[in-house]
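See below for the structure under consideration.
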Amino acid sequence: MSDHPPPRVRVTGPQRRQAQTPRTRTGDIDEETPLGGVYLGSLLREQLWLALRIVGLLVVAIGSLPLVFHLAPGLTDVRVIGMPLPWLLLGIVVYPVLVLLGWRYVRRAERNERDFADLMRDVER
Amino acid sequence: MSHDIAPGIVAVTVVTIATLLIGTWGLRFSRTTSDFFVASRTVRPGLNASAIGGEYLSAASFLGVAGLVFTFGADMLWYPIGWTAGYLMLLVFVAAPLRRSGAYTLPDFAEARLGSGVRAVCSVLVVGIGWLYLLPQFQGAGLTLRAAIDAPEWVGPVIVGLVVLANVTSGGMRSITFVQAFQYWLKLTALLVPAAVLLVVWAGDGTPGGGHQGGWSMPLADGGVDGLYTTYSLIIATFLGTMGLPHVVVRFYTNPDGRAARRTTLVVLTLLGIFYLLPPVYGALGRVYGDELLAAGRSDVLVLELPRLMVPGLGGELLTGLVTAGAFAAFLSTSSGLVIAVGGVLTQDITSRPWSGRRLDGITAFRVGAALAVLVPLFVAIALPHVGVARAVGLAFAVAASTFCPLLVLGIWWRGLTDAGAVAGLLAGGLGSGAAVVWVLADGSAGGRAALLLSQPAAWSVPLAFVVMIGVSLLTASRVPAHTRRFMVRLHTPEAVQVDRGPM
């Protein structure tokens, strides 16, 4: 008679909504959390270092030439394949060097950005 | 001068008509406002790089470098090296972030990054640098037409000014892109073909050597340590000035995204490297065949006169026509780019404002702005015809390097920049290098250490601008804009990553 039915219990599944939208790393950047700052800072530092390394190579390879010729003026009389050395270096050789530095920069910078995009995607999966 | 003027007249006419025709043809692709201002941001790297190269290779590159190398020797090779290396600096520090910033002009970038207080200073500087750079284009046009068709020196500037105004006010960015790309290849051909013929002639003469005086092969300026200072100051101005030239920056916004902006810059670097192999050939051959030009003080027209001096008869006349066409294309393309950039800023900041209650409509405002952009340097060019072509361009680079280079580099890479710091740095660099400009245009003859520092200001004015900009920013750290971090996200994150980039 007094068979009371057992009290009602709400049965629920696991929290699926939360599992569907985990906190993403881009979310960290959007909400300007300290972690987001770390992500952005690492990309910024990586790209800036790359730029400074390329500029360093430029200074060593080309920027040093006036100083070298100032210290060793005898070099102006050296002839390589029939051309005076300064004309060969300043008139011809510098241009492929500049293109090579630029090419190297573009490849590295794109790789840094790919790595950053992969990092952002990792958590979204 | 008693030579035949026909090739010159034909060349100038053909280039002018081709420019107007291609501009009109490009109009058929220009349908929307976005086409008009930024070619809808869909220009492919190859075409865009040709257009940038076409716009960038000015009178100073086409005529000036050969004349300078001819007169002064190997230390002048630093001009073309600097103008090319400037694009490497632009590539590594500015190209992709600037495209991603969404700014169309330098004042737009400054306002988006730091607020409207910086805008006015930037606008004044853009107009100043643009006018300083237009001046030698107009003067070069005068020189060229005098050499080619014996015209009085005011004719060249007036023709170039009118053609540029016609093209710019009717066409917009999409059609100008085709015109500029065509003009790069025209300029390359116009130097390459005559150079090849002249080298064959030179080899046929038994490769005579010129009167190589001792200093001519020395790759730095005369005068020991002073010469070293002059050369390094030139290197700093040209390496760092390119990124601050108003007409260069506008072009980056026509790229689809940051990655394309980088690739475009790399192609530009290659195109410029190929082009700049040629002017020194003329300079060196001039030493062998062109002594009379040097004696007459007409080294600026070496490129135009050398074919006639080396190849007699019809062949020489044809080559002269070709180099004249290339030179004329150089004035037209560089002036068009500058007038678009300067006219755009004048439109935004002056002519579209309401004046005594009345406001001009958009297109009229742009036309008035473009007319102002042409007329002021045109009158100065006619009034002051004797400032060296490469000299004035060098000063424009020094001013750009002392003002916009620190603003862009710090604005893109340093979160601590404030509006007060930016204005202080722009004023310090702008006034310092501006004083040098006034001094050179007004007098420029005195000797001594002060004169040396004023004639090549970049080596002290660029560091000064950086130090002031950083120092004042640190002192006013509370003024760092609230949206700085969001703006940094926009500048540096690749387009493939979905993040909030703030309002566009």
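Laid out as a table, the results:
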{"quantity": "Residues of segment B:257-300 that turn out to be within 30 Å of A:GLU113 (Cα to Cα) and hydroxyl-bearing (Ser, Thr, Tyr), as a count", "calculated": "3"}
{"quantity": "Helices (runs of 4 or more DSSP H) contained entirely in segment A:64-125, each with at least 2 residues that are in contact (Cβ under 8 Å) with a residue 12 or more places away in the chain and exposed (fewer than 15 other Cβ atoms within 10 Å of the Cβ)", "calculated": "A:94-124"}
{"quantity": "Helices (runs of 4 or more DSSP H) wholly inside segment B:86-172 that include at least 2 residues being charged (D, E, K, R) and either within 26 Å of B:LEU491 (Cβ to Cβ) or within 14 Å of chain A (Cβ to nearest Cβ) (or both)", "calculated": "B:95-101, B:106-114"}
{"quantity": "Given (1) free of Cβ contacts under 8 Å to residues at least 60 places away in the same chain; (2) farther than 25 Å from B:LEU491 by Cα; (3) within 14 Å of another protein chain (Cβ to nearest Cβ), number of the condition B:GLY73 does not satisfy", "calculated": "(1)"}
{"quantity": "Residue count, segment A:68-84 (criterion: facing another protein chain (nearest Cβ under 7 Å) and closer than 27 Å to A:ARG104 by Cβ)", "calculated": "1"}
{"quantity": "Those residues of segment B:223-238 which are over 26 Å from B:TYR133 (Cα atoms) and touching a residue at least 40 places away in the same chain (Cβ under 8 Å), in sequence order", "calculated": "B:ASP226"}
{"quantity": "Selection count where residues are farther than 15 Å from A:PRO86 by Cα, surrounded by 24 or more Cβ atoms within 10 Å (Cβ to Cβ) and modelled with pLDDT of 90 or more, scope segment B:67-88", "calculated": "6"}
{"quantity": "Which numbered condition A:TRP49 fails, given (1) at pLDDT below 80; (2) more than 10 Å from chain B (Cβ to nearest Cβ)", "calculated": "(1)"}
{"quantity": "Residue that is facing chain A (nearest Cβ under 8 Å), closer than 30 Å to B:GLY448 by Cα and crowded, with 17+ Cβ neighbours inside 10 Å, where the choices are B:THR238, B:THR231, B:THR270", "calculated": "B:THR231"}
{"quantity": "Condition check for B:LEU199: among the aliphatic types (A, V, I, L, M) and surrounded by 20 or more Cβ atoms within 10 Å (Cβ to Cβ)", "calculated": "no"}
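The rows are residues; the columns are (1) away from every other protein chain (no Cβ under 14 Å); (2) of a type in the set (D, E, K, R); (3) part of a helix (DSSP H, G or I).
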position	(1), (2), (3)
B:GLY429	yes, no, yes
B:GLY432	yes, no, yes
B:LEU441	yes, no, yes
B:ALA451	yes, no, yes
B:TRP460	yes, no, yes
B:ALA482	no, no, no
B:ARG485	no, yes, yes
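The values are calculated or read from the model by the stated rules, or taken from the named source; none is laboratory data. Just so you know, these numbers come straight off a predicted model, no measurement behind them. Backbone-built Cβ (ideal geometry, glycine too); neighbour counts: all protein chains shown.
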